[in-house]
Amino acid sequence: MTTRLPTYFVSHGGGPWPWLKKEFGAAYDKLEASLVDIPRQLKARPKAVLVVTSHWEAPRFMVSSSTAPGMIYDYGGFPPHTYQVRYPAPGDPQLAARVAALLNQAGHPAALDDQRGFDHGTFSMLYPVYPQADMPVVQLSLRRDLDPLAHVEAGRALAPLRDEGVLIIGSGLSFHNLRQFGASGREASHGFDGWLNRTLLELAPAERTAALLRWEEAPSSRAAHPREEHLIPLMVALGAAENEAAASVYHEDAFFGSLAVSSFRFGEVGGGVG
């Protein structure tokens with residue numbers, strides 16, 4: 001019997017926040033606690049992590065395939081030391097090839113990129129989860145058209161990885177409007193987050209997928225996501241566990257004083273297969 005891993009859609013926070021504890025104070029304490037708790041939830045240690053990152057877009061799906069990925073400091077205005085951060089987790093070229101093959105077989109063209117380094121949607125999120133940086137990590141890009149159905153279908157194609165010891169994490173933010181990242185975003189974030197929680201936690205699987213594909217009809221959808229790249233990783237995480245229960249693994253109503261934000265798990269933890 002093997003263990004089927006759940007999938008996650010998590011908030012990855014802003015920039016290099018794990019290395020800015022003094023500057024941010026307690027702002028990220030709840031998010032950090034939720035990420036630190038993921039290994040405990042899993043019961044069994046994964047063989048590798050596949051991160052669907054909101055900070056990589058390409059005309060077709062791309063998969064990082066370096067044995068030793070470098071760093072991409074895709075943020076600005078932070079202290080100098082945050083541009084020296086290292087997260088030296090190994091890559092996994094064999095897994096990368098497997099991911100690309102599954103997507104290609106499902107009719108979603110995918111290719112390998114052996115130059116791609118870790119962006120902050122990956123390393124800032126994974127540092128609390130695996131601080132020793134000893135877990136092999138592969139990144140999957142978004143498709144630049146951000147088509148919800150294509151990304152759900154990509155998740156469906158990648159579902160077999162869950163039985164192969166691969167933890168799939170969609171890394172984004174449930175609210176991503178940087179112009180309203182504070183008191184001005186209170187109403188939009190609460191409206192959209194409430195809809196998202198009801199949709200994921202209360203609807204039957206088929207209704208849940210249908211609602212997510214029409215996410216623009218949700219309350220405050222475009223106020224919460226003027227551009228949806230930080231939401232789309234959710235579609236992949238959902239697609240890979242489409243018919244399984246969802247659970248809230250992180251929620252707060254006053255992130256940075258005002259915002260409602262959430263993270264989710266799909267599938268049971270420690271579930272047996274075969």
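Computed quantities for the displayed model
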{"quantity": "Low-density loop positions, trypsin sites (Lys or Arg not before Pro), the stretch 33-119 - DSSP coil, at most 11 other Cβ in 10 Å", "calculated": "43, 86"}
{"quantity": "Global form of the stretch 2-273, assessed from the alpha-carbon gyration tensor, a/c cut-off 1.5", "calculated": "rounded"}
{"quantity": "Partners for residue 47 among aspartates and glutamates (Cα-Cα distance below 19 Å; same-chain residues under 8 apart left out)", "calculated": "37, 92, 134, 163, 164, 268"}
{"quantity": "Filtered trypsin sites (Lys or Arg not before Pro), the stretch 138-210: DSSP coil and at most 16 other beta carbons within 10 Å", "calculated": "144"}
{"quantity": "Counting DSSP beta bridges with both ends in the chain, the antiparallel % (nearest 5)", "calculated": "40 percent"}
{"quantity": "Computed [θ] at 222 nm, deg cm²/dmol, the chain (DSSP H ≥ 4; -39,500 (n - 2.57); rounded to nearest 500)", "calculated": "-9000 deg cm²/dmol"}
{"quantity": "Using θ = phi - 60° and Karplus 6.51 cos²θ - 1.76 cosθ + 1.60, couplings along the stretch 153-161 (whole Hz; Gly, Pro as x)", "calculated": "5, 4, x, 4, 5, 8, 3, x, 4"}
{"quantity": "The stretch 114-128 - phi-based ³J(HN,Hα) in whole Hz, Karplus 6.51/-1.76/1.60, Gly and Pro as x", "calculated": "8, 10, 5, x, 7, 8, 6, x, 9, 6, 5, 6, 7, 4, x"}
{"quantity": "Relative contact order [Cα under 8 Å, 6+ residues apart], the chain, whole percent", "calculated": "32 percent"}
{"quantity": "The stretch 28-144 shape via C-alpha gyration tensor axes, a/c threshold 1.5", "calculated": "oblate"}
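Bear in mind that the values in this text are calculations on the coordinates, not laboratory data. Being a predicted model, the structure only gives us computed values, none of them experimental. Don't worry about glycine lacking a Cβ; one is built from the backbone with ideal geometry, like all the others, and counts go over all protein chains shown.
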